[in-house]
Amino acid sequence: MLLKTATLGCKVNQYETQFVREALGRIGYRDAAPGESADLVIVNTCTVTAESDLKSRKLIRRLARLHPQAEIVVMGCYATRAADDIRQLPRVTEIVTDKRDVPAFLEHRGVIDLPSGITSFGQRHRAYVKVQDGCRVGCAYCIIPKVRPDLLSRPVGEVLDEIRQLVDSGYREIVLTGIHLGHYGLDFDRNFETQTEHKHLLAGNLRLTQLVERILQLDGEFRLRVSSMEAVEVSDELIGLMQAFPKKLCPHLHLSMQSGSDAVLRRMRRRWLSQPFLERCEQIKTAIDRVALTTDVIVGFPGETENQFAETCDMVERIGFSKVHVFPFSPREGTEAAEMPNQIPALEKERRVARLMQLADRLRTDFAAGQIGHTVQVLFETRHNATLIGTSDRYLRTRVPMDSVAVEHGSLSGCGSLVDVTVIASQGEELAGKFLPQQSNTT
C-alpha cells in the first residue's frame, strides 16, 4: 500500500504528519516514490490566513490529479474550520475535523498499536518535537484559538522517551514546538507534582522550564532549540538554563512581538504591551552573550497610523533582532480584526513592509558581523563541493571549507555533525567559518 503525505503550515503540523506516517507504516504503508500513484493521500492543512486556505485547496486538487486512484484524507486547521468547503473538492473521502480524532482515524484504518511519538523526521538532521497543543489567548487577528482551543500538554516521560529515540537515530538538534509553547503544563492537574523531582516548580510557564531542564539532562550528542514563545513567558529559570548549558541549549529565542505600538497592541488584544516586552528582551540580552532574538511583526493592522508604525520600527531597532518575519495584515474571516474599521490600503501596507524589511535586513547583517572572531556551534546539514553548510546555534547559515583538519579527523561528508567553528567573515546574514585546530567533524 502506497502513501503520500503533504503538509502546509507550522512545525506542529509537520510533526503531526510524521506521526501519522509512522502509524500507518505499522500496518504496511510505505511512501510512494516519485511517479508512483498512491493508494492513500494525507493532506495536513493550514488556515492561519486566507492565502493558507487557498494553498490548501490548490494542493488537494493537484494531488487528486496526480493520484487519481487514491483516497484523499484531509486533516489540519483548515479541515477544522471549513469541512463543508473541503467536501466539495475532488477525491476527498474523509475529513478529520479535530486533531484529537487522529487516533480514532488511525484505529479505523487498522492501526491497533498506536505510537506514543515519532522515531524519525525524514532526511533532516534536526527534528521537531511537539510538546503542547492549543491556545486560548484570543488575539483579535488570529483564528487559531477557534480551531485549536483545547490546551493539551504531553507527559514529561513521553517527551523524554521520544527525544532519546531521535537522538539515538542520529538527530543532532531537537526543536521543541507547540501551538502556545509557553502554556506547556497549564492543563496538568495537581497530580503533576508526583511526576517530577522538582515539586517547587509547579506554576505557569515554569513547567516548560522544568521540561527543558529534564531534556538537557539526557545523554547523547545533541542540542535543544526552543521554538516560538511570548517574551514574558521566558522565565528567569529558563534564562538560567541557557547560561548553564551554553552548548546544549541554543542561545536563540523566537519572541512574538507583532507591534511596538501600545495602541496597536491593545487593538490586537495582545496580553502584554511594549514595555514588558522590551524589558524582558533587555534582560535576556544582558544575561546571554550574543543571544539571537527573532520575532514576528504584523504591519498595517487596522487603524495603524504612520506614527504607530514608526513606534514598531523604533522597537525593532532598539531590541536589535537578529531576524524579523514581517507580515502585512491579512483579514482572517471569523476574527474580530477582519471587521475592524480603518483597514489600511494594500499599497500602504506594501510600503511599510518594505521599509521594515530594509531595517530587518540591516539588523540581521549587523548581527552576523558581530559573530566574527567568535566560536559558534554549527550543525552541518548539506555539502556543496568542498564546503560544508549548516546552521549555527544562533540560527545563522554557516559555510565552512573542508580543510585538511576536517579531512584528517572526520568523514568526507560531515553532514549531521555538531562542530565548533571560528567565524572569520560574514556576508549579509551568512557566516563563513573555519574548523578549530584538532577538531573532528564526525557524527
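A few remarks follow.
- Working from Cα pairs under 8 Å separated by at least six residues, relative contact order for region 232-384 is 23 percent.
- Longest to shortest principal axis, alpha-carbon extents of region 245-338, angstrom: 44, 26, 20
- Label-reachable residues, region 347-387, where backbone N falls under 17 Å from a point 7 Å from residue 310's Cα toward its Cβ: 352-353, 355-356, 359
- Each 10 Å bin from zero up to the one holding the largest Cα-Cα distance in region 97-154 carries the following percent of pairs: 18, 35, 36, 11, 0.
- For a label point 7 Å along the Cα-to-beta-carbon line of residue 100, residues of region 1-38 with backbone N under 20 Å: 12-13, 16-17, 20
- Rolling a 1.4 Å probe over the protein heavy atoms leaves residue 36 with an accessible area of roughly 60 Å².
- Rolling a 1.4 angstrom probe over the chain with all protein chains present gives an accessible area of which 49% lies on carbon and sulfur atoms.
- For the chain, complete DSSP H runs whose alpha carbons reach 27 Å or more along their own long axis and whose mean Kyte-Doolittle score is -0.5 or higher are 346-369.
- Shape class of region 293-380 from the alpha-carbon gyration tensor: prolate, with a/c at 1.5 or above and a/b greater than b/c.
- Calculated FRET efficiency, residue 383 to residue 355, Cβ-Cβ distance, R0 = 45 Å: about 0.75 to the nearest 0.05.
- q = 0.06 Å⁻¹, the chain: log10 I(q)/I(0) [Debye, one scatterer per Cα]: -0.27
- Shape of region 1-133, Cα gyration tensor, a/c cut at 1.5: rounded
- Among beta bridges from DSSP that stay inside the chain, the antiparallel ones total about 35%.
- Legend note: in the chain, cysteines whose Cβ sits 4.7 Å or more from every other cysteine Cβ are 10, 46, 77, 135, 250, 281, 313, 415.
- With DNA, RNA and ligands ignored, accessible area of residue 86 (1.4 Å probe; Å², nearest 10): 0
- Pair-distance profile P(r), taking every C-alpha pair of region 253-412, with 10 angstrom steps and integer %: 10, 33, 26, 18, 10, 4, 0
- In the full protein context, the chain carries 44 Å² of accessible surface per residue, based on a 1.4 Å probe and ignoring ligands, DNA and RNA.
- Extending 7 Å from Cα along the Cβ direction at residue 51 and again at residue 6 yields two label points whose distance is 1.9 nm.
- Residue 366 exposes around 80 Å² of accessible area when a 1.4 Å probe is run over every protein chain in place.
- With a simple spin-label model that places each label point 7 Å from the Cα along the Cα-to-Cβ direction, the separation between residue 362 and residue 273 comes to 2.8 nm.
- Cα-based reach from residue 323 at 28 Å (exclusive), listing lysines while leaving out same-chain residues under 8 positions away: 11, 55, 130, 247, 248, 285, 349, 434
- Region 301-348 and region 251-286: distance between their alpha carbon centers, rounded to Å: 14
The values are calculated or read from the model by the stated rules, or taken from the named source; none is laboratory data. If you're wondering where the values come from, they're calculated on a predicted model, not measured in any experiment. Positions of Cβ are backbone-derived with ideal geometry, glycine not excepted, and every protein chain shown enters the neighbour counts. Calculation scope for accessible area: heavy atoms of the full protein, side chains included, ligands and nucleic acids excluded. Shrake-Rupley method; radii C 1.70, N 1.55, O 1.52, S 1.80 Å.
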